[in-house]
Amino acid sequence: MPRCPICSATVKLTALTTPPFCSERCRVIDLGRWLDEAYAVPEIRRGDDDEGDGEGAIPPELLRGDADEG
């Protein structure tokens, strides 16, 4: 059985209205952590446009949407 990501209590997913959390309290704690930025989605850093050889850069025609025209 899965466990609540906040308190590690066993969670029966079919019996709850707050999955994957065991209770509304744990759901609100998790939300508060996101709002306080305790959790974050990592940002992929890339070099500036004028640095390097441009490898991995998006071609300008794709940015404009002109790639399939012609």
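Throughout, read-outs are computed from the coordinates displayed, never taken from laboratory work. Everything numeric here is computed off the predicted structure, so don't read it as measured data. No Cβ is skipped: glycine too gets one built from the backbone with ideal geometry, and neighbour counts run over all protein chains shown.
What the table shows:
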read-out: Selection of GluC sites (Glu not before Pro), region 1-50, meeting DSSP coil and at most 15 other Cβ within 10 Å; value: E37, E43
read-out: Ranking of V28, V41, V11 by count of other Cβ atoms within 10 Å, fewest first; value: V41, V28, V11
read-out: Over region 1-41, relative contact order from alpha-carbon pairs under 8 Å, at least 6 apart, %; value: 29 percent
read-out: Local electrostatic count at C22 - Lys and Arg +1, Asp and Glu -1, tallied over other residues with Cβ under 14 Å; value: +2
read-out: Calculated FRET efficiency for the pair I58/M1, C-beta based, R₀ 30 Å, to 0.05; value: 0.10
read-out: Backbone N within region 9-30 under 14 Å of label point (7 Å from A38 Cα along the Cβ vector); value: 25-30
read-out: Inter-site label distance for S8 and R25 at 7 Å from Cα along Cβ, in nm; value: 1.7 nm
